[in-house]
Amino acid sequence: MAEKKYLIIGGGVAGTTAAETVRQLDPGGEITIVSTEPHIFYSRIMISKPHFFLGKVPFDQIWLRKEAWYADKKINFIGGRTAAKFDTAARTATLDDGRVLNYDKLLLAIGVQARRWTVPGADKKGVFYVRTLEDGQGLMAAAKASKQAVVIGGGAIGFEMCELWKLSGLETTLIIREPHYWDPVLDEPSGRMIEDALEKNGIKVIRNQYVTEAYGGEAMEGVVLQDGTRLPCQAAAVGIGGMCPFGPAQEAGIKCNRGVVTNEFLETSAPDVWAAGDAAEYYDQIFEEQTQFGSWSNAQMQGRIAGQNMAGRRTPYRAVTFYAVSGLGINIAFVGTVAPVPGRQIIARGSREANAYARLIMKQGRLVGATMLNRTAEIGPLAKLIEKKLDLSARLAELADPKFDLKTLVV
Amino acid sequence: MADSKIAKLEVKRDICIGATPCIVAAPAAMELDGESKAVYKVKGGAKSSGPINRDQIEDPSVDDATLLIAAQSCPVKAIFLWDENGKQIYPE
């Protein structure tokens with residue numbers, strides 16, 4: 001019997017982990033990874049971490065595999081190419097250079113791309129996204145060459161870039177459209193805690209405003225705000241969300257929504273096609289709804305499950321994922337699903353005044369997620385409570401008591 | 001590398017960012033502490049980023065393979081492992 005052909009679109013953590021997993025289970029199969037980026041697997045998240053950004057570790061630490069690893073594992077790596085067309089009946093993928101690859105099993109680990117900033121002047125030198133290795137190199141160079149910088153967008157990327165610009169010695173201004181940080185994922189007290197941390201560290205926060213233009217010549221010299229204020233800056237880091245590049249998959253008839261839609265086995269609507277990582281909008285067995293979660297650990301675990309299933313197993317993806325970011329004296333963590341969906345009940349635990357505040361997100365009496373500021377030690381018990389799907393409707397008062405030990409509910 | 005036995009482990013706290021894949025990989029051995037840093041669950045119910053000796057890990061069911069996968073899963077390479085001769089096993 002001919003060896004199976006496994007085609008993996010995406011060379012990030014989900015795609016690479018899937019390839020590694022397939023190889024463990026199918027020593028003879030043909031495995032090919034196609035990556036839009038020319039680079040072998042690297043640590044995307046290291047780009048925006050202080051020890052790396054400030055050059056405290058060698059640049060080479062960014063690589064998470066060696067070139068030789070691909071040869072050792074007999075994994076073909078095609079870098080700098082995008083899958084432009086799929087035919088799920090003929091089981092082929094056509095790359096943007098016209099090459100046609102056959103597959104028996106296909107994985108879409110296509111990630112998300114940074115949402116583009118569309119204001120006039122957004123193409124000027126000095127405007128950066130925070131996604132690729134080249135973005136990182138550009139940001140690191142700009143941090144050395146600039147005096148003033150802005151950050152556009154109040155999310156995880158915005159928070160990290162505020163810290164990195166500031167640590168690099170730049171006069172830093174954050175511009176958010178919303179009335180408070182991370183609205184509407186976080187409530188006002190949570191958002192203010194983050195703003196307090198930013199402002200305490202000398203970062204200027206401008207709320208309820210957006211940029212109408214990035215001005216200057218070839219290089220940006222500043223931004224104009226909606227109220228006409230001109231803000232001189234030589235660099236802008238834009239973190240306004242991500243978009244899954246699922247166009248070719250959707251054109252091939254694979255069901256897509258915000259991401260590539262899958263069931264709990266990470267199977268898409270097309271036979272022998274899976275999706276994993278940031279791109280997967282999967283059916284979550286714990287939350288009992290379609291979910292998309294962009295985090296390193298989620299992508300890694302989904303890559304493992306997708307790889308197993310491509311190699312012939314049928315394991316459901318079941319995990320409570322979390323996301324944590326810290327800096328400027330504050331710890332931020334999300335566990336479970338934190339999307340602001342109507343009908344959720346929110347239990348406040350702690351307060352802004354106490355500088356330790358969590359919001360427990362309940363769906364029909366069960367905990368499905370939590371946002372935590374300076375309460376990250378509770379991630380463990382909260383993840384267990386979510387995973388166990390316990391009915392907590394009679395325990396709300398205890399959940400709201402910041403002194404109550406959540407671990408006692410888990411046992 | 002796979003033949004080396006792990007003798008000593010450490011999470012470098014200044015590098016750890018609390019991204020948590022290590023905890024996903026080795027939930028019986030590791031967790032996040034109050035500063036969002038990964039720690040090993042050591043005997044007597046204590047937590048430690050280390051360096052700790054391998055035999056200090058509380059749960060006897062945790063094997064070397066799991067501890068190695070946890071270290072390799074770290075996207076910022078904050079977890080260091082050494083063998084009995086003090087040779088660094090990971091990061092390579």
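Any read-out appearing in this document is the output of simple, stated calculations on the displayed coordinates, not a laboratory observation. Computed from a predicted model, the values in this text were never measured in an experiment. Counting neighbours? That spans all protein chains shown, and the Cβs are built from the backbone with ideal geometry, glycine included.
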Conditions (1) in a loop (DSSP other than H, G, I, E, B); (2) surrounded by fewer than 23 Cβ atoms within 10 Å (Cβ to Cβ) -> residue A:166 fails only (1)
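How many residues does segment A:118-150 hold that are within 18 Å of the chain's Cα centre (by Cα) and crowded, with 19+ Cβ neighbours inside 10 Å?
Taking segment A:118-150 first, the residues within 18 Å of the chain's Cα centre (by Cα) are A:128-136.
Subset that is crowded, with 19+ Cβ neighbours inside 10 Å: A:128-131, A:136.
Qualifying residue count, segment A:118-150: 5.
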Residue B:11 among the aliphatic types (A, V, I, L, M), surrounded by fewer than 22 Cβ atoms within 10 Å (Cβ to Cβ), under 21 Å from residue A:301 (Cβ atoms) and away from chain A (no Cβ under 13 Å):
no
Out of (1) more than 25 Å from residue A:332 (Cα to Cα); (2) buried (at least 17 other Cβ atoms within 10 Å of the Cβ); (3) not aliphatic (A, V, I, L, M), what's the single condition that is false for residue A:278?
(1)
Here is a check on your reading of the model: is residue A:319 assigned to a strand (DSSP E or B), in contact with a helix residue (DSSP H, G or I) (Cβ under 7 Å, 6 or more places away or on another chain) and within 14 Å of chain B (Cβ to nearest Cβ)?
no
Residue A:332 versus (1) away from chain B (no Cβ under 14 Å); (2) in a strand (DSSP E or B): which is the lone unmet condition?
(1)
Identify the single condition in (1) in contact (Cβ under 8 Å) with a residue 60 or more places away in the chain; (2) more than 19 Å from the chain's Cα centre (by Cα) that residue A:191 does not satisfy, given that it satisfies every other one.
(1)
Quick check: anything in segment B:82-90 assigned to a loop (DSSP other than H, G, I, E, B) and within 13 Å of chain A (Cβ to nearest Cβ)?
no
Options A:72, A:87, A:96: the member that is surrounded by fewer than 17 Cβ atoms within 10 Å (Cβ to Cβ) and either free of Cβ contacts under 8 Å to residues at least 12 places away in the same chain or within 14 Å of chain B (Cβ to nearest Cβ) (or both):
A:72
Candidate set from segment A:102-117 (those that are farther than 19 Å from residue A:14 by Cβ and over 21 Å from the mean Cα position of the chain (by Cα)); member that is surrounded by the most Cβ atoms within 10 Å (Cβ to Cβ):
A:104
Residues that are under 20 Å from residue A:191 (Cα atoms) and not in a strand (DSSP E or B), drawn from segment A:350-376:
A:352, A:353, A:354, A:355, A:374, A:375, A:376
Top-ranked residue of segment A:36-62 - restricted to ones that are of a type in the set (Phe, Trp, Tyr) and at the interface with chain B (Cβ under 10 Å from one of its Cβ atoms), ranked as farthest from residue A:8 (Cα to Cα):
A:52
Restricting segment A:108-135 to residues that are small (Gly, Ala, Ser) and assigned to a loop (DSSP other than H, G, I, E, B), the one nearest to residue A:262 (Cα to Cα) turns out to be A:109
